[in-house]
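Working notes, beginning with the structure itself.
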Amino acid sequence: MSARRLQGIALCLILTLSGNVLSQERNERDDPALQRVAPFQVFDNLYYVGAEWVAAWLLVSDQGLILFDALYGDLTDIAVDGIRELGFDPDEIRYVIVSHAHGDHVGGARRFQQEFGAVVMMTEADWNMTEASDGSRYPKPVRHLSVSDGSTLNLGRTRLRFMVTPGHTPGVLSTRFTVYDNGYPHEAFMFGGVGLNFTGVERTEAYINSVQRLQQLQGIEVNVPNHASFNDVFMRQEMLQERRDGDPHPFVDPESWTAWLDLLLLDAQAKLEDEREAAQ
Ligand SMILES: [Zn+2]
């Protein structure tokens, strides 16, 4: 057998294996038994109710609940059950803030509208994206509120401040809010769309511009990610459980927030070079 033929077989094997690994990963991601995480409190007013690989966060106000992201398919049960396990009532969810219109974040939104009467909020661009989808991957939510850059939402004494930070999708929604640690306030931020799984020079430039806008923000102390791995959420949670009186809160970490943005920018700038080359 020629060396080239052998090489070809080896390449095929690698491709087949990686294909299997990919589909296996996808199955594991969608399997609620493997994805179930016991819900936990992180701040006085913020709880994790997400899955292993994709996050959902519950923000508690004096006038009801706000849910960040809706999970999808059977994973949405994790959020609904988690809210109940924590002693809250999903009927008290006033708003579902959808960070962006990819299925893993928006997939369960329709259920929160139908079953619990929540108002779903997304950017105009990502509402359009959801409506343009064929509806085969998740039930489409009914268009409720569109959020624009610089707008705010008040619920009781809780205030959310929104930014539209496109790139990952055309209308990524990012949110700034205050969390409390034994009554002591900290500024938290959720960057709603991380990841370079898109193509095009313009989109990449938009992503870079978004990251640079976040780098200009002053005073962010807590990174609330929409995938747990972006900020070692489970590791920090373990540290939180072992925290003693007087220890700092492991999620209050402004240095890691800025370091993370620096990394995101570097990755995106490398992608921009590739995209520009590809466009020539
Ligand atoms: Zn996404």
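Tabulated values for the structure
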item	result
Leading residue by the ranking (surrounded by the fewest Cβ atoms within 10 Å (Cβ to Cβ)) among those in region 150-173 that are away from the ligand (no atom under 16 Å from the Cβ) and hydrophobic (A, V, I, L, M, F, W, C)	Leu155
First in region 182-197 and without any contact (Cβ under 8 Å) to a residue 12 or more places away in the chain, second anywhere and within 16 Å of the ligand (Cβ to nearest atom) and not hydrophobic (A, V, I, L, M, F, W, C), Cβ under 6 Å, 6 or more apart	none
Candidate set from region 133-149 (those that are under 29 Å from Glu221 (Cβ atoms) and among the hydrophobic types (A, V, I, L, M, F, W, C)); member that is nearest to the ligand (Cβ to nearest atom)	Val147
Region 142-161, residues that are more than 10 Å from Met121 (Cβ to Cβ) and touching a residue at least 60 places away in the same chain (Cβ under 8 Å)	Leu155, Gly156, Arg157, Thr158
Residue within region 222-235 that is within 25 Å of Arg29 (Cα to Cα), among the polar types (S, T, N, Q) and surrounded by fewer than 17 Cβ atoms within 10 Å (Cβ to Cβ) present	yes
Residue within region 242-260 that is without any contact (Cβ under 8 Å) to a residue 60 or more places away in the chain, within 16 Å of the ligand (Cβ to nearest atom), more than 25 Å from Arg94 (Cα to Cα) and under 16 Å from the mean Cα position of the chain (by Cα) present	no
Breaking point among (1) away from the ligand (no atom under 16 Å from the Cβ); (2) in contact with a His (Cβ under 7 Å, 6 or more places away or on another chain); (3) within 25 Å of Asp181 (Cβ to Cβ), for Ser61	(2)
Within region 164-187, tally of residues that are under 24 Å from Phe43 (Cβ atoms) and either under 14 Å from the mean Cα position of the chain (by Cα) or at pLDDT below 95 (or both)	6
Selection within region 174-210 - within 12 Å of the ligand (Cβ to nearest atom) and closer than 27 Å to Asp62 by Cβ	Phe191, Gly192
Hits in region 65-119 (condition: under 25 Å from Asn223 (Cα atoms), part of a helix (DSSP H, G or I) and either within 16 Å of the ligand (Cβ to nearest atom) or touching a His at 6+ places or on another chain (Cβ under 7 Å) (or both))	Leu75, Gly103, Asp104, His105, Val106, Ala109
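The values are calculated or read from the model by the stated rules, or taken from the named source; none is laboratory data. Model, not experiment: these values are computed from the prediction. FYI the Cβ positions are ideal-geometry reconstructions off the backbone, even for glycines, and counts take in every protein chain you see.
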